[in-house]
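Structure first, then comments.
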Amino acid sequence: MDALTGDSPATFDPRGLVELDGRVPQVAEIEGDRAVLDAASLTTRKINLELRWLIYERGVREVTVLNPGALHSLGAGILTRCRITFAGSLGYFGCGLIDGPEVHVTGRVGWSACENMMSGVVVIDGNAGSLTAAALRGGDVVVKGRVGARTGIDQKGGTIIVAGDAGSSTGFMLQRGRQIFLGNVGAGLGDSMYDGTIYVAGRVKSLGVDCVPGEWTDADTEFVERKLRIYDLGPPPELQKFVCGKKLYNYDTLEPSERKLVL
């Protein structure tokens, strides 16, 4: 740790401005198991170094990050239970590869937020960019605004909840898990999905290949009501349910003429 917190000057790679200084800033205000970090003057790497130092070495369980400045890749790779509040907006790849944290973003997020998230909860008060929760494996991702295209692409588990509208190719190649959209959804919903369930309250511009309406059950009602209640999203509206039609499961074995009929 001494090597990371010494007084040697920061160094940079002028070819790509890659920050090579691995010193932890240690500028957060700590009180018991809580801390407040003002990130206004810190780079992405410094913020993430400080977060890891607080959570892993100082035993802090709740961190508030002020002035995140829409920097990219903030909060990525946190692999333990804790609470992190970003008081502002995040850039691309925010909170990716996490396993356990409960994260609250009071602003917006850019592309690929919560990519490859394993477990935990991320609640975003504003809008989110394209590829939100790409390859999600577990936990809940809740966006109280709108989301861009390809939300939940290649999702393998967990739940995505969006209070607003979603863009095109939502649920593309969905493999497992659930998605709830309380607004409208763009073209190509559930294209090439293999499993999982998509619920939509608004209009669907078009369904993707092999995405078909599903039969509503009591289990669907219980699940949707419970999830919306947890995140204070009110009673559920009337929803449509979509599942995989399973016509592409043996697609590679079909003759060319048969493939045309499927597509």
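The values are calculated or read from the model by the stated rules, or taken from the named source; none is laboratory data. Fair warning: this is a prediction, and the values are worked out from it, not measured in the lab. We place every Cβ from the backbone using ideal geometry, glycine too, and count neighbours over all the protein chains shown. Accessible surface is based on the protein model in full, side chains and every heavy atom, while ligands, DNA and RNA are left aside. Shrake-Rupley method; radii C 1.70, N 1.55, O 1.52, S 1.80 Å.
Residues that are closer than 16 Å to CYS95 by Cβ and out of contact with any strand residue (DSSP E or B) (no Cβ under 8 Å at 6 or more places or on another chain) were ranked within the stretch 131-166; the one that is surrounded by the fewest Cβ atoms within 10 Å (Cβ to Cβ) is ALA134. Within the stretch 65-84, being open to solvent by 40 Å² or more (accessible area, probe 1.4 Å) and under 16 Å from VAL105 (Cα atoms) holds for LEU66, ASN67, GLY69, ALA70, LEU71, HIS72, SER73, ARG83.
Mind telling me which of the residues ARG226, ARG178 ends up being surrounded by fewer than 17 Cβ atoms within 10 Å (Cβ to Cβ) and either modelled with pLDDT of 95 or more or among the aromatic types (Phe, Trp, Tyr) (or both)?
On the way: ARG178 fails: surrounded by fewer than 17 Cβ atoms within 10 Å (Cβ to Cβ).
Exactly one residue qualifies, and that residue is ARG226.
The combined condition, being in contact with a Leu (Cβ under 7 Å, 6 or more places away or on another chain) and part of a strand (DSSP E or B), is fulfilled by VAL65.
A search for C-beta distances below 6 Å between a residue of the stretch 114-140 that is among the aromatic types (Phe, Trp, Tyr) and any residue that is surrounded by 19 or more Cβ atoms within 10 Å (Cβ to Cβ) and part of a loop (DSSP other than H, G, I, E, B), counting only pairs 6+ apart in sequence or on different chains, returns nothing. Here TYR194 fits the description: at pLDDT below 95 and touching a strand residue (DSSP E or B) at 6+ places or on another chain (Cβ under 7 Å).
Inspection of the stretch 109-119 identifies no residue that is in contact with a helix residue (DSSP H, G or I) (Cβ under 9 Å, 6 or more places away or on another chain), modelled with pLDDT of 95 or more and either assigned to a loop (DSSP other than H, G, I, E, B) or over 17 Å from VAL162 (Cα atoms) (or both).
Of all residues in the stretch 214-223, how many are surrounded by 12 or more Cβ atoms within 10 Å (Cβ to Cβ) and free of Cβ contacts under 8 Å to residues at least 40 places away in the same chain?
Going residue by residue through the stretch 214-223, those that are surrounded by 12 or more Cβ atoms within 10 Å (Cβ to Cβ) are 214, 216, 220-221, 223.
If we keep only those that are free of Cβ contacts under 8 Å to residues at least 40 places away in the same chain as well, we get 214, 216, 220-221.
Looking only at that region, the number is 4.
Please work out if GLY75 is touching a Cys at 6+ places or on another chain (Cβ under 6 Å) and closer than 23 Å to SER112 by Cα. Answer is yes for this residue.
Quick one: in the stretch 16-62, which of the residues that are part of a strand (DSSP E or B), within 23 Å of ASP99 (Cα to Cα) and of a type outside the set (A, V, I, L, M, F, W, C) is least open to solvent (accessible area, probe 1.4 Å)? Don't jump to the end; show me each part of the working.
Of the residues in the stretch 16-62, the ones part of a strand (DSSP E or B) are 18-19, 29-31, 34-38, 62.
Pick out the ones that are also within 23 Å of ASP99 (Cα to Cα) and you get 34-37, 62.
If we keep only those that are of a type outside the set (A, V, I, L, M, F, W, C) as well, we get 34, 62.
Numbers: ARG34: 139, GLU62: 58 Å².
Among those residues, the one meeting the criterion is GLU62.
The condition (being modelled with pLDDT of 95 or more, charged (D, E, K, R), over 24 Å from ALA149 (Cα atoms) and over 21 Å from the mean Cα position of the chain (by Cα)) is satisfied by just one residue among ASP252, ASP232, ASP220: ASP220.
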